[in-house]
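Read through the structure below, which is laid out as structure tokens, and then see the notes.
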Amino acid sequence: MKIFLDTANISEIKKALDLGILDGVTTNPTLISKEASHSTFNEIVSEILKTVPGPVSLEVTSLDHKGMVDEAMQLARLGDNVVIKVPITAEGLKAMKMLKEQGIKTNATLIFTSNQGLLAAKAGASYVSPFVGRLDDISEYGMKIVDDLKTIFRNYNFSTEIIVASIRHPMHVYEASLIGADIVTMPYSVLEKIITHPKTDEGIYKFLEDWKKVKH
Ligand code: E4P
């Protein structure tokens, strides 16, 4: 399973890269806005794109397909690792198809049903991002869509990869990995949580205490 960080914060990205387990990054307008007090959009994304060796999703904000494609063409020029995040709407589907024809990778975002994921795959999206946490927030079982999409893509031999998005806690990562999702994109806070365990810390402390009793 590939691990992406869901952030536009460069220091979080560098810390995750240092761990040696980071495969890519996803951003969205909200995440970019959190970093925008001292830097422009171009400054923020240029640094991310040159720092991350893997795919980096950047989202378009136009609502019509022509505007989406124009934005995507400009964003794609920023780096070879740019993936264009396009919301799953009728206009978004048209844009995904046109961008596929231009050889530009897309990530269909704001996926809340498996039918939306199916359409995005048919339109040629490289990735689909089901938002599991936001579904859980409204008392639906978000991970069910990931499971369903896995089956649907297998049924029809789609090469589209599933990015489990809107991750809230370690159990989402656990469930996604059991289902066999291709990618999980998580906030840095969740990455930190899945590294640590109190029994690991306790065990290290005890070993070090006992080691002091050994003559060297
Ligand atoms: C996905 O790519 C989105 O950026 C993200 O996972 C949304 O998560 P949220 O529901 O925590 O905002």
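The values are calculated or read from the model by the stated rules, or taken from the named source; none is laboratory data. None of the values given here were measured: they were computed from a predicted structure. When we count neighbours, we look across all protein chains shown, and the Cβ atoms used for this are built from the backbone with ideal geometry, even at glycine.
Residues that are among the hydrophobic types (A, V, I, L, M, F, W, C) and either free of Cβ contacts under 8 Å to residues at least 24 places away in the same chain or outside any helix (DSSP H, G or I) (or both) within segment 51-74 comprise Val52, Val56, Leu58, Val60, Leu63, listed in sequence order.
Just one residue in the set Phe207, Phe158 is touching a helix residue (DSSP H, G or I) at 6+ places or on another chain (Cβ under 6 Å) and surrounded by fewer than 21 Cβ atoms within 10 Å (Cβ to Cβ); that residue is Phe158. Do we have any residue at all in segment 8-18 that's assigned to a loop (DSSP other than H, G, I, E, B) and either surrounded by 21 or more Cβ atoms within 10 Å (Cβ to Cβ) or touching a helix residue (DSSP H, G or I) at 6+ places or on another chain (Cβ under 8 Å) (or both)? Yes, some residue in segment 8-18 is assigned to a loop (DSSP other than H, G, I, E, B) and either surrounded by 21 or more Cβ atoms within 10 Å (Cβ to Cβ) or touching a helix residue (DSSP H, G or I) at 6+ places or on another chain (Cβ under 8 Å) (or both). Taken together, Val86, Val60, Val45, Val69 contain a single residue that is under 20 Å from Asp182 (Cβ atoms), at pLDDT 95 or above, crowded, with 20+ Cβ neighbours inside 10 Å and in contact with a helix residue (DSSP H, G or I) (Cβ under 9 Å, 6 or more places away or on another chain), which is Val86. Is it the case that Ile44 is out of contact with any strand residue (DSSP E or B) (no Cβ under 7 Å at 6 or more places or on another chain) and farther than 20 Å from Ile167 by Cα? Criteria met by Ile44. Please determine whether any residue of segment 38-55 is within 18 Å of Asp6 (Cβ to Cβ), away from the ligand (no atom under 15 Å from the Cβ) and of a type in the set (D, E, K, R). Yes: segment 38-55 contains one or more residues that are within 18 Å of Asp6 (Cβ to Cβ), away from the ligand (no atom under 15 Å from the Cβ) and of a type in the set (D, E, K, R). Is it fair to say Ile48 is under 18 Å from Val184 (Cβ atoms) and of a type outside the set (D, E, K, R)? It is false that Ile48 is under 18 Å from Val184 (Cβ atoms) and of a type outside the set (D, E, K, R). Put simply, of Glu192, Glu202, Glu161 the only residue that is of a type in the set (Asp, Glu) and over 17 Å from the mean Cα position of the chain (by Cα) is Glu202. Scanning segment 120-148 for residues that are closer than 24 Å to Lys105 by Cα and away from the ligand (no atom under 15 Å from the Cβ) turns up Ala121, Lys122, Ala123, Gly124, Asp147, Asp148. Mind checking whether some residue in segment 96-118 is assigned to a helix (DSSP H, G or I), within 15 Å of the ligand (Cβ to nearest atom) and touching a residue at least 24 places away in the same chain (Cβ under 8 Å)? Checked segment 96-118: at least one residue is assigned to a helix (DSSP H, G or I), within 15 Å of the ligand (Cβ to nearest atom) and touching a residue at least 24 places away in the same chain (Cβ under 8 Å).
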